[in-house]
Amino acid sequence: RRPPDEEEEAVVAWQEKLFSQFEVDLYQNESACQTPLDRQYHEEILKLEKAGGRKNYRIFTYTDHDRFTNLEEHYQKVTDSVHEVPSYLAERMATARRRRQDRRPIEGSSLKSKVITWEPSEEFIKNNHVINTPVQTMYIMGDLGPYGKLGRREYEHVLCTIKVDSNGVITVKPDFTGTKGAYRIELDGEKRELWKYTIENASVQVQQEEEEREQRMFRDLYSRHKEYLSGLVGSEFEMPLPGTLRLFVNGEIVSAQGYEYDNLYVHFFLELPKCWSSPAFQQLSGVTQTCATKKVGWDNVAYFCYLFTLEMFFTQEDESEDSLPQWPVLYFEVLSLDFWQRYRVEGYGSLVLPASPGLHTFTITTWRPVELGTVSELRRFFIGGSPELEDLTYIRIPSTFKGERLSRLGFRTKTTGSVTFRLHCLQQSKAFLETSALRQRMQSVLDRLGGISQQSSVYNVLEAFQRARRRMQEARESLPQDLISTSATTV
């Protein structure tokens, strides 16, 4: 026997079995062996006894196939409370161990052709309920029992857990000690014993030749995988024609808040200005689901999380034209639907698509038309319906308007709630690939689109300049001619 203050060091390989005193006492008796693994352990322990006994004293291991590994994963707790009760999901998922499952080739081939399994089996549901990454587990244990009384289960403690998944990721918990101090385990009892242990990586260092061979193998693997991906994508990357800009918008109608009635839905459509077009299969309109609101702060909020995708092309028709392009406009209306299938218009709004790529979040306030008197509001409350716009483009400038000034005098509206949009914009053009020297020439509008991130600010400045120029011309025309000539002579 070793003294009470003994030190023990063991070098453990991956999935190497080191028997504990409890297992030696248990598996020596052949009648206690029930499974083929127990009988294998019985033969190995007999060989160890003939060879002089086991070399380890307190340190032992549990491999991936031992019963302890099943029980440890089954009874894992989230907190250290003794009153913790496993949740319903934890109980249902306790039997779904992340192990290397024997998948039949028939099942693998059927998954490629069948997207939906109409009659899934219980095993299929259990294996596909979570992201099932196969994992192999190994526990390095310590028998911290009193001196001379080893082999009692209550004194077994987990010193280290090692897991390796199918992707080759090794997880060691707790980590290798390194420059940190030793880990401590304090036992509850009369003596209050304190044990310290360290974990070191004892793997043999890889030789330089083997490391270079491994790097070459990885490079070959990556090159083959790259060829495989290029074969899936295709060799021809679709590029827009010269003088064309492609605009992708991955959008989301996040929420609507602050409206009078419940059960909201949003109808939207996209208007393409001059020089813009879209593919034939592209849908430029959509309707969200009907969403009930909930109280958030002072407002009633309906969370839609409705996703939509838009694809557009801008083609400059006249290269000599020196005007910035008009960007597409997203028109939308918010409506409510009650129990009797009566709908009410809650608000109109519009959104100009961003001119710069990236993520953009907008909260657009809306309005709705109203009529004088209480009859209209009574009709809206009792039988539904309300004044509506025949042409939704009237929210901004109607598409049929050809004049110089648009007057809305006498048109009565009421401010309602707001709608939140989240837009991810992507832009593709050959102009982005041109050199800086070619960009400096600014031969066409698309050349300026190379600096697309500054387009919105430039556009606003030009609009302000044109408005100021028109005001100066109107003011100059309204002045008497003699006053203008006298001022010019004085200057």
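The values are calculated or read from the model by the stated rules, or taken from the named source; none is laboratory data. Predicted model, so just to flag it, every value in this text is computed and none were measured. Please note: Cβ atoms are built from the backbone with ideal geometry, for glycine as well, and neighbour counts cover all protein chains shown. Protein only, heavy atoms only, side chains kept; ligands, DNA and RNA dropped before computing areas. Shrake-Rupley method; radii C 1.70, N 1.55, O 1.52, S 1.80 Å.
Kindly indicate whether any position in segment 345-359 is of a type outside the set (A, V, I, L, M, F, W, C) and open to solvent by 70 Å² or more (accessible area, probe 1.4 Å). For segment 345-359, residues of a type outside the set (A, V, I, L, M, F, W, C) and open to solvent by 70 Å² or more (accessible area, probe 1.4 Å): absent.
If you go through segment 191-209 one residue at a time, do you hit one that is of a type in the set (Ser, Thr, Tyr) and surrounded by 10 or more Cβ atoms within 10 Å (Cβ to Cβ)? Yes, because at least one residue in segment 191-209 is of a type in the set (Ser, Thr, Tyr) and surrounded by 10 or more Cβ atoms within 10 Å (Cβ to Cβ). In segment 323-438, counting only strands (runs of 3 or more DSSP E) that sit wholly within it, the ones holding 1 or more residues that are more than 21 Å from ALA302 (Cβ to Cβ) and touching a residue at least 60 places away in the same chain (Cβ under 8 Å) span 329-337, 358-369, 413-429.
In summary, VAL296 fulfils each of the numbered conditions (1) under 27 Å from ARG396 (Cα atoms); (2) touching a residue at least 12 places away in the same chain (Cβ under 8 Å); (3) of a type in the set (A, V, I, L, M) with the single exception of condition (1). Can you name the residue in segment 235-273 that is hydroxyl-bearing (Ser, Thr, Tyr) and under 30 Å from ASN300 (Cβ atoms) and is also farthest from the chain's Cα centre (by Cα) among such residues? Restricting to residues being hydroxyl-bearing (Ser, Thr, Tyr) and under 30 Å from ASN300 (Cβ atoms), the top hit is TYR261.
For segment 370-395, filtering for residues that are of a type in the set (Lys, Arg) and surrounded by 15 or more Cβ atoms within 10 Å (Cβ to Cβ) leaves 1. The number of residues in segment 308-318 being closer than 17 Å to LEU330 by Cβ and open to solvent by 60 Å² or more (accessible area, probe 1.4 Å) comes to 1.
Are any residues in segment 274-296 loosely packed, with under 11 Cβ neighbours inside 10 Å and over 27 Å from the mean Cα position of the chain (by Cα), and if so, which ones? Result: LYS274, PRO279, ALA280, PHE281. Counting only residues that are at pLDDT below 50 and aliphatic (A, V, I, L, M), which one in segment 407-445 is surrounded by the fewest Cβ atoms within 10 Å (Cβ to Cβ)? Only one residue tops the list, namely ALA437.
Only a single criterion out of (1) in contact with a strand residue (DSSP E or B) (Cβ under 8 Å, 6 or more places away or on another chain); (2) farther than 24 Å from MET239 by Cβ; (3) open to solvent by 10 Å² or more (accessible area, probe 1.4 Å) is not satisfied by PHE339, namely (1).
Counting only helices (runs of 4 or more DSSP H) that sit completely within segment 43-143, those holding 1 or more residues that are at pLDDT 65 or above correspond to 67-74, 88-93, 122-128. Among the residues of segment 349-381, just one is among the small types (Gly, Ala, Ser), closer than 15 Å to THR420 by Cβ and out of contact with any Leu (no Cβ under 7 Å at 6 or more places or on another chain), namely GLY349.
Out of all the residues in segment 297-307, which are crowded, with 18+ Cβ neighbours inside 10 Å and hydrophobic (A, V, I, L, M, F, W, C)? Scanning segment 297-307 gives VAL301, ALA302, PHE304. Of the residues LEU307, LEU229, the single one that is on the phi < 0 side of the Ramachandran plot, outside the structural domain of GLY168 (by the TED database), in contact with an Asp or Glu (Cβ under 7 Å, 6 or more places away or on another chain) and not β-branched (Val, Ile, Thr) is LEU307.
Of the numbered criteria (1) out of contact with any Leu (no Cβ under 9 Å at 6 or more places or on another chain); (2) not assigned by the TED database to the domain that holds PHE339, the one TYR183 fails is (1).
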